[in-house]
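Here is the structure we will look at.
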Amino acid sequence: MTLTLTLSGTGGAQLVPAFGCFCAACERARSHPQHRRKPCSAVVKFNDAVTLLDAGIPDLMDHWQPGEFQQFLLTHYHMDHVQGLFPLRWGVGEKIPVYGPADEQGCDDLFKHPGILDFSHTLEPFVWFTLQALRVTPLPLNHSKLTLGYLFETPHSRVAWLSDTAGLPEKTLKFLANNKPDVIVIDCSHEPRADTPKNHCDLNTVIELNKQIGCPRVVLTHISHQFDCWLMENALPAGFEAGFDGMVIRVD
């Protein structure tokens, strides 16, 4: 009954290193591949079931074969979270379920030409459902496009995935405070700022959110190269850690 999240990407659309940038974080990432950041995404495993959480890695189909995962679970339809679906959809074989928000536009022509992808599994905020016995509750987030976070629950554990978002809607914040996760993986694109940025959290915002939620372990993701520069010179508060590509979060 172990729930495992593997962070397959911890960067934003800009990635790390960023094209044309020669800051300390980008130079480090070019020299040391372990510091590179792919588009924000994860692999969720519960017992023998595998869910791909977002699909922003362009060569996704080179990493997975048919039958190695059961479904996609999307937070939203921005390109850096779905671009891996575009070539994959033209594959052959059985339909692959795609769960996500009820966004009528989607992204480009994915809905018009879905190929082997089944986009009929639209989700409603706070209406829980199950993926192979894993309970999942969609949570509204604050972003420029309709976006959902997710609370994953097993009989013994809870993990929240909250990307992309700038702060949290009040109902989502109250829900998490009342259903306290053991681990939160949350958007933290920016170094500490005086005010919450428009579409993504800064560190100060995440710290303030967790004062209300009270989660013992907060993993930061969707990290920019500017925030990486800050992290090279500064320590995070106790209970907070910067995620990295390939990081495994296991909750029993």
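The values are calculated or read from the model by the stated rules, or taken from the named source; none is laboratory data. From a predicted model like this one, the values you see are computed outputs, not experimental measurements. Using ideal geometry, Cβ is built from the backbone for each residue, glycine included, and neighbour counts are taken over all protein chains shown. Quick note on the areas: whole protein, heavy atoms, side chains included, nothing else; ligands and nucleic acids left out. Shrake-Rupley method; radii C 1.70, N 1.55, O 1.52, S 1.80 Å.
When you scan region 224-252, how many residues do you find that are closer than 14 Å to Val16 by Cα, among the charged types (D, E, K, R) and either open to solvent by 70 Å² or more (accessible area, probe 1.4 Å) or in a loop (DSSP other than H, G, I, E, B) (or both)?
So the answer is 1.
In region 70-101, which residue that is within 18 Å of the chain's Cα centre (by Cα) and of a type in the set (A, V, I, L, M) is farthest from Cys40 (Cα to Cα)?
Val98
Can you name the residue in region 5-39 that is under 17 Å from Gln71 (Cα atoms) and of a type outside the set (Val, Ile, Thr) and is also surrounded by the most Cβ atoms within 10 Å (Cβ to Cβ) among such residues?
Across region 5-39, the extreme among qualifying residues is Leu5.
For region 127-144, name all the residues that are more than 18 Å from Met1 (Cα to Cα) and aliphatic (A, V, I, L, M).
The initial filter retains those residues of region 127-144 that are more than 18 Å from Met1 (Cα to Cα), namely 127-128, 137-144.
Result: Val127, Leu139, Leu141.
Is it the case that region 120-127 has a residue that's surrounded by fewer than 14 Cβ atoms within 10 Å (Cβ to Cβ), small (Gly, Ala, Ser), under 27 Å from Asp252 (Cα atoms) and modelled with pLDDT of 95 or more?
No, because not a single residue in region 120-127 is surrounded by fewer than 14 Cβ atoms within 10 Å (Cβ to Cβ), small (Gly, Ala, Ser), under 27 Å from Asp252 (Cα atoms) and modelled with pLDDT of 95 or more.
Anything in region 162-184 that is under 19 Å from Lys198 (Cα atoms) and among the hydrophobic types (A, V, I, L, M, F, W, C)? List them, or say none.
Answer for region 162-184, where residues must be under 19 Å from Lys198 (Cα atoms) and among the hydrophobic types (A, V, I, L, M, F, W, C): Leu162, Ala166, Leu168, Leu173.
Looking for something at pLDDT 95 or above, open to solvent by less than 20 Å² (accessible area, probe 1.4 Å) and not polar (S, T, N, Q) - is there at least one such residue anywhere in region 189-199?
no
Which condition does Arg193 not pass, out of (1) under 23 Å from Gly56 (Cβ atoms); (2) assigned to a loop (DSSP other than H, G, I, E, B); (3) not hydrophobic (A, V, I, L, M, F, W, C), if it passes all the others?
It is condition (1) that Arg193 fails.
What residue, among those in region 80-107 that are aromatic (Phe, Trp, Tyr) and either free of Cβ contacts under 8 Å to residues at least 12 places away in the same chain or outside any loop (DSSP other than H, G, I, E, B) (or both), is farthest from Ser224 (Cα to Cα)?
Let us first name the residues in region 80-107 that are aromatic (Phe, Trp, Tyr), namely 86, 90, 99.
Okay, now just the ones that are also either free of Cβ contacts under 8 Å to residues at least 12 places away in the same chain or outside any loop (DSSP other than H, G, I, E, B) (or both), so 86, 99.
Working: Phe86: 25, Tyr99: 27 Å.
Here the answer is Tyr99.
Among the residues of region 83-112, write down those that are among the small types (Gly, Ala, Ser), touching a strand residue (DSSP E or B) at 6+ places or on another chain (Cβ under 8 Å) and open to solvent by 40 Å² or more (accessible area, probe 1.4 Å).
First, pick out the residues of region 83-112 that are among the small types (Gly, Ala, Ser): 84, 91, 93, 100, 102, 106.
Going one step further and asking which of them are touching a strand residue (DSSP E or B) at 6+ places or on another chain (Cβ under 8 Å), we end up with 100, 102, 106.
Listed by number, the list holds a single entry, Ala102.
Among the aromatic types (Phe, Trp, Tyr), assigned to a loop (DSSP other than H, G, I, E, B) and crowded, with 18+ Cβ neighbours inside 10 Å: does that describe Tyr77? It would help to see each step written out before you state the result.
Values: among the aromatic types (Phe, Trp, Tyr): yes; assigned to a loop (DSSP other than H, G, I, E, B): yes; crowded, with 18+ Cβ neighbours inside 10 Å: yes.
Spelling it out, Tyr77 is indeed among the aromatic types (Phe, Trp, Tyr), assigned to a loop (DSSP other than H, G, I, E, B) and crowded, with 18+ Cβ neighbours inside 10 Å.
So, in region 141-165, exactly how many residues are under 30 Å from Asp108 (Cβ atoms), open to solvent by less than 30 Å² (accessible area, probe 1.4 Å) and of a type outside the set (A, V, I, L, M)? Can you show your working first?
Residues of region 141-165 that are under 30 Å from Asp108 (Cβ atoms), as a first pass: 141-152, 160-165.
Then keep just the ones that are open to solvent by less than 30 Å² (accessible area, probe 1.4 Å); that gives 141, 147-152, 160-165.
Next cut, of a type outside the set (A, V, I, L, M) only: 147, 149-150, 152, 161, 163-165.
Of the residues in that region, 8 qualify.
Report every pair of residues separated by at least 6 positions or lying on different chains whose Cβ atoms are under 6 Å apart, first residue within region 200-226 and within 20 Å of Asn178 (Cβ to Cβ), second part of a helix (DSSP H, G or I) and open to solvent by 30 Å² or more (accessible area, probe 1.4 Å).
Close Cβ pairs satisfying both conditions: Gln212/Ala177; Ile213/Ala177.
Consider region 1-55. How many of its residues are part of a loop (DSSP other than H, G, I, E, B) and either out of contact with any Leu (no Cβ under 9 Å at 6 or more places or on another chain) or among the basic types (Lys, Arg) (or both)? Spell out how you get there, then give the answer.
So in region 1-55, the residues part of a loop (DSSP other than H, G, I, E, B) come out as 1-2, 10, 12-15, 17-23, 32, 36, 38, 40, 47-48, 54-55.
This time we only want the ones that are either out of contact with any Leu (no Cβ under 9 Å at 6 or more places or on another chain) or among the basic types (Lys, Arg) (or both), so: 1-2, 12-15, 17-23, 32, 36, 38, 48.
Counting residues in region 1-55 that are part of a loop (DSSP other than H, G, I, E, B) and either out of contact with any Leu (no Cβ under 9 Å at 6 or more places or on another chain) or among the basic types (Lys, Arg) (or both) gives 17.
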